[in-house]
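As structure tokens, the structure follows; a few thoughts come after it.
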Amino acid sequence: MAGKFEVKTAKSGQTHFNLLAGNGQVILQSEMYESKASALNGIASIQKNADMDDRYNRLVSKSGKPYFVIKAGNHQVIGQSQQYESEAGRDNGIESVKKNAPDAEVVDLT
């Protein structure tokens, strides 16, 4: 099963999205956007940048857990991962974004 982006409306009325792997696990989540159009632009940006390794920042949280963000060409963060138990887990998450994002279906749940 291929990955997919799910576009949702938060209780605040803002729009956000998640990238899910084929098994349904959330790989990446977005920030909150004021409009659905902006969220869809964020998805397009992730699809465009997903295969570029230099767009990923491999980070460690204050609690010592590895995670990553993906940035657009303008260096703005367009998605953030969950926190992982290991650097290998984080790196597998990045590979999953590279594999799933470019051709992922966009499912509108707003």
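The values are calculated or read from the model by the stated rules, or taken from the named source; none is laboratory data. Everything numeric here is computed off the predicted structure, so don't read it as measured data. Every residue, glycine among them, receives a Cβ derived from its backbone with ideal geometry; neighbour counts consider all protein chains shown.
Evaluated against (1) buried (at least 18 other Cβ atoms within 10 Å of the Cβ); (2) over 21 Å from residue 107 (Cβ atoms); (3) among the hydrophobic types (A, V, I, L, M, F, W, C); (4) over 11 Å from the mean Cα position of the chain (by Cα), residue 39 falls short on exactly one condition, (2).
The single condition among (1) within 13 Å of the chain's Cα centre (by Cα); (2) under 21 Å from residue 100 (Cβ atoms); (3) modelled with pLDDT of 95 or more that residue 32 does not meet is (2).
Residues in the stretch 31-53 that are outside any loop (DSSP other than H, G, I, E, B), under 13 Å from residue 78 (Cβ atoms) and free of Cβ contacts under 8 Å to residues at least 60 places away in the same chain: 11 in all.
The residues of the stretch 57-68 that are closer than 18 Å to residue 96 by Cβ, over 11 Å from the mean Cα position of the chain (by Cα) and not in a loop (DSSP other than H, G, I, E, B), listed by number, are 57, 58, 59, 66, 67. In the set 76, 83, 25, 47, only one residue is over 10 Å from the mean Cα position of the chain (by Cα), of a type in the set (S, T, N, Q) and either under 15 Å from residue 8 (Cβ atoms) or at pLDDT 95 or above (or both); that residue is 83. Within the stretch 69-105, the set of residues being assigned to a strand (DSSP E or B) and surrounded by 15 or more Cβ atoms within 10 Å (Cβ to Cβ) comprises 69, 70, 71, 78, 79, 80.
When residue 28 is tested against the conditions (1) under 16 Å from residue 108 (Cα atoms); (2) in contact (Cβ under 8 Å) with a residue 60 or more places away in the chain, the lone failure is (1). Here the stretch 1-16 is the region considered, the condition is being assigned to a strand (DSSP E or B) and more than 20 Å from residue 95 (Cβ to Cβ), and the residue that is farthest from the chain's Cα centre (by Cα) is 9.
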